[in-house]
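These notes are about the structure you will find just below.
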Amino acid sequence: MPLAKNPFGWHGEPVTKKHKPRSGSLAFYPKKRALGEVPQFVSFKAEDSENSAPLNFFGYKAGMTHVIGTDKHKKSPSFGQKVQFAVTVIECPPLKVFGMRAYKETPYGTVCLGEKHAENVSKELGRRVKSLGGKKPEKKKEGQKKEKSNKGAGKKGAFDFAGGMEQISQIRLLAHTQPKLTGIGKKKPEVVEIFLSGSKEEQLKLAEEKLGGEISVKEAFKQLDFLDIKAVSKGKGFSGVVKRFGVKDHRPKAKKKRVVGSIGPWHPATVMFTVARAGQLGYQFRTEFNKKLLIVGSGEKMTPKGGFKNYGVVKNDYIAVEGSVAGPVKRCVALRKGLRPAPLERHKIEEVELIASEQK
């Protein structure tokens, strides 16, 4: 009869099995620079609501501070006490709606049927989409013919939304951010799509109301919601394997310390993609799930003394989410309602009592 294995060591301590085949995750491969800085969500949580409402929004990261509130979680050791935690402030100036777009579901994916633009669009949009106004005509030289103006371009042949409701499966809003309202010193906007909830009839009604108007962050989210946040992380340039993958240093007697010991066999002579190699670190899209939205406000209440470092004063609507957010300050971040189930709350903060007036 075979002897049973002793789960304890020689000194009566439990034996733990260590398993660490490699450091770093392959879930984010390939680790190369993002092609653009404008994040976009493509999937959203289905919501049953009477009226249509926007499901996503965009803002600019202002910085971090800390707030104090009372813990309302009864099973927490700090129940009823004041707790302090870090928050990230995201300035969310209203989005300008310049168009609406119709989509159709096919066996090969979602296909755009057509779109309709507003009559008057802002001149800042011409910095991003030159066919939609805002472009100044060049001065006429001698011997040259007068060029046609871009005013009104893109408005001809607009899609008939009312007559094509049978083909339409969903309607989205075409909007752009307004960085000129912030203090980051930027005028060129980001062009984005706003997804809408509700039936397609409700989506059409809301799209026609908002065409040429604005959408605020208060229409999309409310306090104590859980949000998913997507942004391009900080770029750190070319880095080695120790910083990029967490490879362990070699002993001092080794010829080289901060390298991979062996990158592959001689026969067959090959280097697998799983081997840690030096290269680009950062400036990649990252998504964080279920960030708790603690504050939805407007004005300069969240701005510390002297403004946020490298950002300045928050002048428009803003939100404050618990924890950190990817990317440096001034970077555009995408927000949506949480796609996954809400997590269990360790600290149940229902109301913030104090906002830090200084950054530390």
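The values are calculated or read from the model by the stated rules, or taken from the named source; none is laboratory data. Quick caveat, the model's predicted, so the values are computed rather than measured. All Cβ positions, glycine included, derive from the backbone under ideal geometry; neighbour counts span all protein chains shown.
Within the range 251-285, how many residues are buried (at least 17 other Cβ atoms within 10 Å of the Cβ) and in contact (Cβ under 8 Å) with a residue 60 or more places away in the chain? Final tally of qualifying residues: 5. With respect to being in a loop (DSSP other than H, G, I, E, B), under 18 Å from P54 (Cβ atoms) and at pLDDT 80 or above, F159 falls outside the description. Exactly one residue out of F238, F221, F289, F226 is over 30 Å from G338 (Cβ atoms) and either surrounded by 12 or more Cβ atoms within 10 Å (Cβ to Cβ) or modelled with pLDDT of 95 or more (or both), and it is F238.
Among the residues of the range 302-347, the ones that are buried (at least 17 other Cβ atoms within 10 Å of the Cβ), closer than 24 Å to H73 by Cα and touching a Lys or Arg at 6+ places or on another chain (Cβ under 9 Å) come to 4 in all. If you go through the range 42-82 and keep only what is out of contact with any Gly (no Cβ under 8 Å at 6 or more places or on another chain), exposed (fewer than 12 other Cβ atoms within 10 Å of the Cβ) and in the same structural domain as G306 (by TED's automatic domain parsing), you end up with K74, K75, P77, G80, Q81. Of all residues being outside the structural domain of V296 (by TED's automatic domain parsing) and without any contact (Cβ under 8 Å) to a residue 40 or more places away in the chain in the range 83-113, which is surrounded by the fewest Cβ atoms within 10 Å (Cβ to Cβ)? Just the residue, please. Across the range 83-113, the extreme among qualifying residues is P107.
One residue alone among K186, K218 is touching a Pro at 6+ places or on another chain (Cβ under 6 Å) and within 26 Å of N120 (Cβ to Cβ), and that residue is K186. Residues that are over 30 Å from R277 (Cα atoms) and modelled with pLDDT of 70 or more within the range 12-49 comprise F41, V42, S43, F44, K45, A46, E47, listed in sequence order. The residues listed here are L211, L206, L196; of these, the one that is modelled with pLDDT of 85 or more, surrounded by 15 or more Cβ atoms within 10 Å (Cβ to Cβ) and over 30 Å from K292 (Cβ atoms) is L211. Can you confirm whether Q167 is assigned to a helix (DSSP H, G or I) and not charged (D, E, K, R)? The answer is no for Q167.
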